[in-house]
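One structure below.
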Amino acid sequence: MFVALTTPVRWRIVAPHAIAWREWNGEVVVRAQSGSVHLLNPFASLVIRLLIDSPTPLSTDELSSALQASVSGSHLGEARDEVDASIEEFERLGIVEPGPS
Amino acid sequence: MIVADLPVGRLAATLAGPGLRLRTGPVVTRIRSTVPEVLAGIALHYSQHPIEDDEGFADFHVQVRPPPSFRRWVAPQLFFDFDGMPPFRPLPRAQAFPMLEWGLNWCVSSHAHQYLIFHAAVVERGGRALILPAPPGSGKSTLCAGLVHRGWRLLSDELALLEPDTQALVPLARPVSLKNASIDVIRGFAADAGLGPIVKDTIKGAVAHMKPPVDSVRRAGEKALPRWIVWPRYEAGTVGRLTAWPKSRSFMRLAENAFNSSEHGRSGFESMAKLIDRCDCFEFVYGDLEQAATVFAALAQQE
Amino acid sequence: MTGLSEDAVSTALRSIDLVSHYTLQQWEALIRQARPANVLSRIALSVADAGLMDRVPAAPRAHLQAAITVAHAQAEAVRQEVAHIERALAPLATDVILLKGAAYFMAELPAARGRVFSDVDILVPRDALPQVEAELMLNGWATTHLHAYDQRYYRRWMHELPPMLHVTRNTVLDVHHAILPATARLRPDSRKLIAASRALESAPGLRVLAPVDMILHSATHLFYNEDLSSGLRDIADLDSLMRGFSAAPEFWRELTERAAELDLTRPLFYALRYSARMMDTPVAPSALRALASAAPPSWVVSMMDSIYMRALRPHHSLAEDALTPFARRALYVRAHWLRMPPHLLALHLSVKALRREEADP
């Protein structure tokens, strides 16, 4: 019986009071703490909405399942790729950080 | 009292001495200069603008003056001083009036952080304002100059001043700057356009200023609520057409044209978002100014 | 002082209540001078804090509101920059001490209120300098002043690395290892400053100077510097720091004793003198007595008075008289003289003059 040796990273929005965002026509515009503003593609928009709306941090697995459920016709692999790309970008921009598991 | 009420001799003496306290919307600038081109430019373009007295409050104190060195006479240059200090390099004397105008823009865009400031023209009709943001060379100023001669009031051709709390746009009603081919277009478009002399070889090419319509100047105390944001682009031969633009992308484009978003931080983001919420956003490609004016007239008719 | 009227800016800083009766002309004069003195935001926030904003007429009020908007943005920017610095230097486990404005801000001192920041200054132990520079460069800071002469000036003669510019954020970080250059006549011991420093609650990886050291550093920086464009702001800082810290019982004694220990009694003497004059700082008579022996001959003091009381005013025509340019020039030479030995000074000034001519179009 193999048990996961590491707990998965869970992600959350950095300083939610400091981030500003708005959604129009399915696309989210977000302002990072540094002041830079970014237009997110529909997938990244869904990912950030999931993180914003969730009271607890979410793992990439949880995000991928939720994303796949929201986008008809997509499968988990694609959703996974989108989530990974989004999280990587959000972390680079200082919008998300690993939260307590 | 307006500038035209002063005989030219008095105007010259005021500019040369204590300075002319000129009102442009909410901004009062005390201007000092002995340069004849500045005198002529003010007498022409600002003839209908109010003059404030010395007991009042001037927001900015500027001077257009020659350097103390030999460059006063040899290949003569001029400096624009902001309260005794020149913020930019000197320019050839022939560019005196454009330099004053650029300097007045700089005063506002660098200091008036009580507003959110965008690089855009703003015109108004029927109580609703049209914002025309655009990078240089997009034909924004030509369109702006044309519209104010076809039923629209001028608030500004360069600086959209947005009050964050009220979301109202504040007028300056200053001369419209035109470049190169636009000068002839406007000359043909409006016979009484009040165009000043053409100044060649500036960093933007040939430049001339168009006097703001009297009505716009008289109503420079009247703010306007924004209704439309339109990104213009001139393309010869095209029939003017408005294409709706998604708000998410409009927000990003507008952010590119913001002068002082970093000063406004997070609340600036919220104010801009509210502006996008309330405005219909379009792209507008056009090839003919008259036809463009009819498109906008139709837009103004809509509810 | 003949020829100079009451300085409008220090008057407002000292007694903000006076502004509730100001005419438009007085507002105009105040704002015009406060701007180049870098204290417009500070005055604006004082007005707001005193509940007087409604008494300000609309036209000048717009300038105050604009200044407050800028101050808030600046504060947020400094907060973030300090966080970046803390993160970057954390692996080194060396003492990193914030200086001046950034320190006042992170320590939540009143002197930070309405501050306009240009760079962040830090003090690190001299031996840690190479690793600090390396770590910063790994994190996106690049050295500036690449002219070989300037590099030498900063590294060998001054007390800091050439200013470091962050390549993406465009912020400037000044890294010091002492508060005066190695070539200066005075040699305050940085190790003592570092030993007395305190960790910041809000940023445990960073430290600030002990209160008396903050004051001594500010005084030294002011009275050994040729650029007094922020002189009035620095005096206001000194006044604010002293008022704040003097609540502690043994403060004045500690201040003068520490000044003696670090060999900084002369700058403290001037700091107390001009702060009291311009800002009415309630300096304890015991402190003045303790410093009396550190004072230069009275003819020097008179001369310094006429120089500094001009040079510390806002750099604006309304604040000046005919003697002001001479006062400033005198200070330029004096500041360099204090920092560099005469033979190096002459060389430095002539090289600086040459470079300015090169730069002209």
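The values are calculated or read from the model by the stated rules, or taken from the named source; none is laboratory data. Small disclaimer: the values here were computed from a predicted structure and weren't measured. Note that we place each Cβ from the backbone using ideal geometry, even for glycine, and neighbour counts take in every protein chain shown.
Here are a few things to note about the model shown:
- If the condition is being buried (at least 24 other Cβ atoms within 10 Å of the Cβ) and over 18 Å from B:Leu289 (Cβ atoms), then the range B:130-152 contributes only B:Ile131.
- Being of a type in the set (A, V, I, L, M) and within 14 Å of chain C (Cβ to nearest Cβ) holds for only one residue in B:Leu104, B:Leu100, B:Leu78, B:Leu116, and it is B:Leu116.
- In this structure, C:Pro91 qualifies as more than 14 Å from chain B (Cβ to nearest Cβ) and either under 30 Å from C:Asp174 (Cα atoms) or of a type in the set (Gly, Ala, Ser) (or both).
- Of residues in the range C:39-88 being within 14 Å of chain B (Cβ to nearest Cβ) and of a type in the set (Val, Ile, Thr), the one nearest to the chain's Cα centre (by Cα): C:Val78
- Total residues in the range A:24-53 satisfying the condition of being modelled with pLDDT of 90 or more and hydroxyl-bearing (Ser, Thr, Tyr): the figure is 1.
- Of all residues in the range B:234-275 being of a type in the set (Gly, Ala, Ser) and in a loop (DSSP other than H, G, I, E, B), the one that is nearest to the other protein chains (Cβ to nearest Cβ): B:Gly240
- The residues on offer are A:Ser36, A:Ser59, and the sole one that is facing chain B (nearest Cβ under 10 Å) and in contact (Cβ under 8 Å) with a residue 24 or more places away in the chain is A:Ser36.
- The residue that is modelled with the lowest pLDDT, counting only those in the range C:1-29 that are assigned to a loop (DSSP other than H, G, I, E, B) and not charged (D, E, K, R), is C:Thr2.
- Taking the numbered list (1) away from chain C (no Cβ under 14 Å); (2) crowded, with 18+ Cβ neighbours inside 10 Å; (3) aliphatic (A, V, I, L, M) in turn, B:Ala40 passes all entries but (2).
- Residues located in the range A:86-101, provided they are β-branched (Val, Ile, Thr) and assigned to a helix (DSSP H, G or I): A:Ile87
- Listed by position, the helices (runs of 4 or more DSSP H) inside the range C:220-282 whose residues that are polar (S, T, N, Q) number at least 2 are C:265-279.
- Residue that is within 24 Å of C:Arg313 (Cβ to Cβ) and crowded, with 19+ Cβ neighbours inside 10 Å, where the choices are C:Val47, C:Val96, C:Val82: C:Val47
- Screening C:Asp119 against (1) buried (at least 18 other Cβ atoms within 10 Å of the Cβ); (2) under 26 Å from C:Ala37 (Cα atoms) leaves a single unmet condition, (1).
- Complete set of residues in the range A:1-39 that are under 21 Å from A:Gly77 (Cβ atoms) and either assigned to a helix (DSSP H, G or I) or of a type in the set (A, V, I, L, M) (or both): A:Ala4, A:Val9
- All conditions but one from (1) hydroxyl-bearing (Ser, Thr, Tyr); (2) within 27 Å of C:Ser302 (Cα to Cα); (3) buried (at least 17 other Cβ atoms within 10 Å of the Cβ); (4) touching a residue at least 40 places away in the same chain (Cβ under 8 Å) apply to C:Ser229; the one that does not is (3).
- When residues in the range A:15-25 are screened for being surrounded by fewer than 18 Cβ atoms within 10 Å (Cβ to Cβ) and more than 8 Å from every other protein chain (Cβ to nearest Cβ), 3 of them pass.
- Applying the criterion of being within 28 Å of C:Leu45 (Cβ to Cβ) and small (Gly, Ala, Ser) to the residues of the range C:107-159, the residue that is farthest from the chain's Cα centre (by Cα) is C:Ala107.
- For the range C:8-43, a residue qualifies if it is touching a His at 6+ places or on another chain (Cβ under 8 Å) and either of a type in the set (A, V, I, L, M, F, W, C) or on the phi > 0 side of the Ramachandran plot (or both), and the qualifying residues are C:Ile31, C:Ala37, C:Leu40.
- The residues of the range B:174-193 that are part of a loop (DSSP other than H, G, I, E, B), among the small types (Gly, Ala, Ser) and touching a strand residue (DSSP E or B) at 6+ places or on another chain (Cβ under 6 Å) amount to a single one, B:Ala193.
- Extreme residue, farthest from A:Ser34 (Cα to Cα), among residues of the range A:63-78 that are assigned to a helix (DSSP H, G or I) and in contact (Cβ under 8 Å) with a residue 24 or more places away in the chain: A:Ser70
- Whichever residue in the range C:17-32 is under 20 Å from C:Arg277 (Cα atoms) and surrounded by fewer than 17 Cβ atoms within 10 Å (Cβ to Cβ) and, among such residues, is farthest from the other protein chains (Cβ to nearest Cβ): C:Asp17
- Of all residues in the range B:29-47, one or more are under 19 Å from the mean Cα position of the chain (by Cα), closer than 21 Å to C:Ala67 by Cα and at pLDDT 95 or above.
- In the range B:43-59, the residues that are more than 14 Å from chain C (Cβ to nearest Cβ) and farther than 16 Å from B:Asp215 by Cα: B:Ala43, B:Ile51
- Sole residue being surrounded by fewer than 21 Cβ atoms within 10 Å (Cβ to Cβ) and in contact with a Lys or Arg (Cβ under 7 Å, 6 or more places away or on another chain), chosen from B:Arg241, B:Arg187, B:Arg219: B:Arg219
- Looking only at the range B:1-35, residues that are touching a residue at least 40 places away in the same chain (Cβ under 8 Å) and under 16 Å from B:Leu78 (Cβ atoms) come to 3 in all.
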